[in-house]
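Structure first, then comments.
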Amino acid sequence: MNDFSLQPAFLHLALDLSQAAYSLQLEPWLDHGWADIAIQVDEALVSGLNAQDAAARRSALQSASHIRARLERLDPISQFFGMRRQREALDTCKALVMTHPLRNGRTALVIAFAGTSKRMFDWVSNLRVEEEEGFHAGFLALTRQFEESCARIQLPQTAKALGLAQLTLEDALCDLKRPDSHFTLMVTGHSQGAALMQIFLHRLLNKGVPSHNVIGCGFASPRVIFSRDLQNAVRYPIYHIINADDLVARVGGAMHLGCCRVLPSDRAFRALCYGKYADGRAMRDMLLLQHTVRSTQSALLLGIAALQSLHELPDSEAEAVLDTFAPDFIPGLLTQRLTGYAKKLLRAAIRRLQAKHESTFGPMDEQKLAQYTAYLRMFFLRYGTQKTIQLLRDALLLPHSLHGGQGVRAYEALVTRYAHLLLPALWCEETPPVWATRMNGRYLPPARPTRDRFHRFSSAHRAARQLRYGQETRNEQNPSP
């Protein structure tokens, strides 16, 4: 596959697999000959789902239905215990595994990671933004959880085809190290799932799996690494399909692993995917505001500014915003119980975000925080509080949407209608995309910055900051005469 072009069939398959990891609708996959399906949600795991006969097919669909019900459980009790469980260990990995024979005699092995669901405690991993082994700590923990499950994922149909008594996913991943492996691995995912895809493939490649045996494709991929010391990112057989309006692709770590294919902001694309307000001044204002967010730090500052602006409103307006938008992430029964506590909830959320910023980045950039606050106050006066919050919510969620539902979703449109307009680009830290240049009908890869720009909360930066702080302290204690 050419480094700067992706085949439409490949993109469509990756998109459908990423959506299937959310929906767990197995009927079309079973009907088209996919086998050895495994589903993991948190610590729950089922594997070896097949459709050799009507009974096996019925059993597979029932198993998928039970796991899907677990994802849809949003009652306050399960939310509470889920949050408590995340204090001890991050265990909200959601993955779909399946196989299919190929015409060349090999077997396609597919792993699709799902992103963040509607469960509140799914966000705990996203907010573990500290560095661990050069990676985003929360994403790394979920990747490890899946790796620990590989030995328990059975592939009975594939084992039978290869004349083996038993075959696990761990065995198949070991077989990938052989140049003439029986398997070709494809890993895909959306949002948080695309982050896990990058780390999982990085760890496989470091274990000796040759790059020609694997390929990855992520949609709305967060950045996962903090330093270029890991390896040169563009050499990875990983592709990221990104909407330039999507904030999620600008947060996480400092850089992506692999090659980004980005659709620049386009008026026709917005009109197709963002609804009736897409071309209005209000939506343009919100998109311009969220385009100023180019890192996890600035995302936290925008969140703090939004919560502080709501906290300054009269009680009745704050309550109205909570009543309107809390059901998106808090069960309805719990929302009714929280009536009258809007200001307390806002104060608690502000303290949490401030503490996260302090522990990860140090003191807040008060000037940037004041700028965000001024923008939001201006929009509150111009459009009204509830409409501003609704528009800001839409400006964050609509560019990030994947597939299905009413209308055309952003990433579905990127694959089905705009794939030919995707441009190679490099996103790094706070910088905007660096676009590739076109010469003689071919795209040249984007040039990386000449100096290494490690992330502001990488270990290298922390060491430099501590050294500088120590020097300043010594100067204060021993002033020059």
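The values are calculated or read from the model by the stated rules, or taken from the named source; none is laboratory data. Treat the numbers as computed from the prediction; the structure is a model and nothing was measured. Cβ coordinates were reconstructed from backbone atoms using ideal geometry, including for glycine residues, and neighbour counts include every protein chain displayed.
Some points to look at:
- Residue in region 105-126 that is in contact with a Cys (Cβ under 8 Å, 6 or more places away or on another chain) and within 30 Å of F361 (Cβ to Cβ) present: yes
- In region 76-83, the count of residues that are surrounded by fewer than 22 Cβ atoms within 10 Å (Cβ to Cβ) and modelled with pLDDT of 90 or more is zero.
- Any hit, region 115-128, residues being assigned by TED's automatic domain parsing to the domain that holds G208, modelled with pLDDT of 95 or more and not in a helix (DSSP H, G or I): no
- Neighbours by Cβ (under 7 Å, 6+ apart or cross-chain): first from region 18-32, under 16 Å from T116 (Cβ atoms); second loosely packed, with under 14 Cβ neighbours inside 10 Å: Q19/G404
- The residue list A89, A69, A95, A56 contains one member that is over 21 Å from the mean Cα position of the chain (by Cα), in the same structural domain as L173 (by TED's automatic domain parsing) and under 26 Å from M197 (Cβ atoms), which is A69.
- Scope region 367-422; condition in contact (Cβ under 8 Å) with a residue 12 or more places away in the chain, among the polar types (S, T, N, Q) and part of a helix (DSSP H, G or I); matching residues: T373, T385, Q386, T388, Q390, T416
- Of the residues in region 41-55, at least one is assigned to a helix (DSSP H, G or I) and hydrophobic (A, V, I, L, M, F, W, C).
- Taking the criterion of being within 18 Å of S149 (Cα to Cα) and part of a loop (DSSP other than H, G, I, E, B), the residues of region 164-190 that qualify are Q166, L167, L176.
- Scope region 133-169; condition acidic (D, E) and surrounded by 15 or more Cβ atoms within 10 Å (Cβ to Cβ); matching residues: E147
- Selection within region 134-163 - under 25 Å from the mean Cα position of the chain (by Cα) and in a loop (DSSP other than H, G, I, E, B): G134, I153
- Wholly within region 191-292, helices (runs of 4 or more DSSP H) carrying at least 2 residues that are assigned by TED's automatic domain parsing to the domain that holds E133 and surrounded by 23 or more Cβ atoms within 10 Å (Cβ to Cβ): 192-206
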